[in-house]
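A short worksheet on the structure shown next.
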Amino acid sequence: MQCQTVLPGTECTFWSKSGCVFETSSCQVVVEACEGCERIVEGSIGQVCSVAPSPAKKWTGGLCNFATHQKVQIENVETKVNPLKASKRAAGR
Ligand code: SF4
């Protein structure tokens, strides 16, 4: 159904006939870590997230998985090579 409070007219899975059924009966404003994210929209209570009703919770376990401004850095892990096996392989044994 469409939200009638924070983002009026926006389809939201938390809006029901009895109003917002999210835990605090409303979305929550974005947190500092969200700054720069493209999913931030202006709601009636301030800046909110267009995909997550509780931005603070999205950051409790680390990086928000919906964030557009930050991505997980995957470090280049060097594969450990056993020098003995490598020399045998190179020698064609
Ligand atoms: S997607 Fe994540 S980082 Fe972006 S505004 Fe929403 S909660 Fe914040």
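Read-outs throughout are calculated quantities, based only on the coordinates presented, and are distinct from any laboratory measurement. None of these values were measured; they are calculated from a predicted model. Cβ sites come from the backbone with ideal geometry, for glycine too, and all protein chains shown count toward neighbours.
At a glance:
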{"quantity": "Test: Glu75 is exposed (fewer than 11 other Cβ atoms within 10 Å of the Cβ) and within 8 Å of the ligand (Cβ to nearest atom)", "calculated": "no"}
{"quantity": "Close pairs from region 49-76: first of a type in the set (Ser, Thr, Tyr), partner in a loop (DSSP other than H, G, I, E, B) and surrounded by 15 or more Cβ atoms within 10 Å (Cβ to Cβ), Cβ under 7 Å, at least 6 apart", "calculated": "Ser50/Arg39; Ser54/Gln28; Thr68/Cys37; Thr68/Arg39"}
{"quantity": "Selection count where residues are more than 18 Å from Gln2 (Cα to Cα) and touching a strand residue (DSSP E or B) at 6+ places or on another chain (Cβ under 8 Å), scope region 41-70", "calculated": "5"}
{"quantity": "Those residues of region 27-47 which are crowded, with 19+ Cβ neighbours inside 10 Å and more than 8 Å from the ligand (Cβ to nearest atom), in sequence order", "calculated": "Cys27, Gln28, Gly43"}
{"quantity": "Restricting region 1-58 to residues that are part of a strand (DSSP E or B) and of a type in the set (Val, Ile, Thr), the residue that is farthest from His69 (Cα to Cα)", "calculated": "Val29"}
